[in-house]
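Undergrad: Sharing a structure with you now.
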Amino acid sequence: MAVELPLTHRELNEQVKLVLGYPKPTNRVVASRLKLLRRMGVVKLIPHGRVKIGGFNVLGKGYVGIVVLVETIDRGKAVLKLRRVDASRGSLEVEGGLLRRVNKLGIGPRLLAASKNALLMEYIEGEDLEDWLAREDLKPEEVKRVLRETLEQCYRLDVFGIDHGELSIAKRHVRISKEGKPVILDFESASLRRRPANVTSLTQYLFVRKSWRKNKLERLLGSWSVRELIEALKAYKREPSRQNFEKLLKILNLA
């Protein structure tokens, strides 16, 4: 059941206090964050997700933050990322700035509000890439469209010099919306300083490594030569041009 945020922190239960100030929810921290969430328009925390914080279900828990589903005054459901009290990173503002930048490229969940201690983002209702690929009712044309669009987003990130940083293990970093649109999530590890490797990372995860994912994609899309693909990836890495990107798509039967 959703928990409505009260006016003062004294009215919060211990579970919600722990979520707001994980892992050490002092009264000062909880009170400060409660005020911040109310300024952002957050009115309820919704227990949802595979991870539990003190018995409260959340969408995710990382080294930097806790991610929880919330209800807002004027935008309906949204995703809230709260900076952990013990995080080595002192602010979420850099991550918010990167998300704002990729939003301009048509990538990522829309950033709704940002501060040092919290990011409020669009909620993408759907399935994580791994769960979506495991479905039994996938059609070849649907898979081709979704994976091509995902790689196109990776290519745009490469062109604009933004490295996501975690697409080599993309199962929880790409979400397929209910409308069938792929959305790249979680820019916590993203960087403008590293050499971008978004296309190569996602391609290796899906199409090079031996896995049930690769086997299923070969059944749906047709087989490809791994040796030829690796050579094409090397060429793309040397020169991430549109021409070399198109060669990758052609090898993968996504052109």
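The values are calculated or read from the model by the stated rules, or taken from the named source; none is laboratory data. Note that this is a predicted model, so its numbers are computed, not measured. Don't worry about glycine lacking a Cβ; one is built from the backbone with ideal geometry, like all the others, and counts go over all protein chains shown.
Undergrad: Give the number of residues within region 100-129 that are out of contact with any strand residue (DSSP E or B) (no Cβ under 7 Å at 6 or more places or on another chain) and closer than 12 Å to residue 182 by Cα.
TA: 1
Undergrad: Scan (1) among the hydrophobic types (A, V, I, L, M, F, W, C); (2) in contact with an Asp or Glu (Cβ under 7 Å, 6 or more places away or on another chain); (3) surrounded by 12 or more Cβ atoms within 10 Å (Cβ to Cβ) for the single condition residue 255 breaks and write down its number.
TA: Unmet condition: (3).
Undergrad: Ok, one more. Where residues in region 77-111 are under 28 Å from residue 149 (Cβ atoms) and of a type in the set (Lys, Arg), which of them is surrounded by the most Cβ atoms within 10 Å (Cβ to Cβ)?
TA: Per the criteria, the residue is 81.
Undergrad: Turning to a different aspect of this structure: For region 134-147, check the following and say yes or no: at least one residue is in contact with a Leu (Cβ under 8 Å, 6 or more places away or on another chain), closer than 19 Å to residue 65 by Cβ and surrounded by 20 or more Cβ atoms within 10 Å (Cβ to Cβ).
TA: Looking for residues that are in contact with a Leu (Cβ under 8 Å, 6 or more places away or on another chain), closer than 19 Å to residue 65 by Cβ and surrounded by 20 or more Cβ atoms within 10 Å (Cβ to Cβ), one finds none in region 134-147, hence no.
Undergrad: OK, next. Hey, could you check region 89-119 for residues that are out of contact with any helix residue (DSSP H, G or I) (no Cβ under 8 Å at 6 or more places or on another chain) and part of a loop (DSSP other than H, G, I, E, B) and say which is farthest from residue 39 (Cα to Cα)?
TA: 104
Undergrad: Separate question: Collect the residues in region 43-76 that are of a type in the set (Phe, Trp, Tyr) and either part of a strand (DSSP E or B) or crowded, with 16+ Cβ neighbours inside 10 Å (or both), keeping them in residue-number order.
TA: Scanning region 43-76 gives a single hit, 56.
Undergrad: Is there any pair linking a residue in region 24-52 that is assigned by TED's automatic domain parsing to the domain that holds residue 13 to one that is of a type in the set (A, V, I, L, M) and part of a helix (DSSP H, G or I), with Cβ under 8 Å and at least six apart or on different chains, and which?
TA: 25/18; 29/20; 30/20; 33/20; 34/20; 37/20; 45/16; 45/19
Undergrad: Tally up the residues in region 118-147 that are charged (D, E, K, R) and over 18 Å from the mean Cα position of the chain (by Cα), please. Spell out how you get there, then give the answer.
TA: Quick first cut of region 118-147, residues charged (D, E, K, R) only: 122, 125, 127-128, 130-131, 135-137, 139, 141-142, 144-145.
Add one more test, that the residue is over 18 Å from the mean Cα position of the chain (by Cα), and what stays is 135-137, 139, 141-142, 144-145.
Matching residues across region 118-147 total 8.
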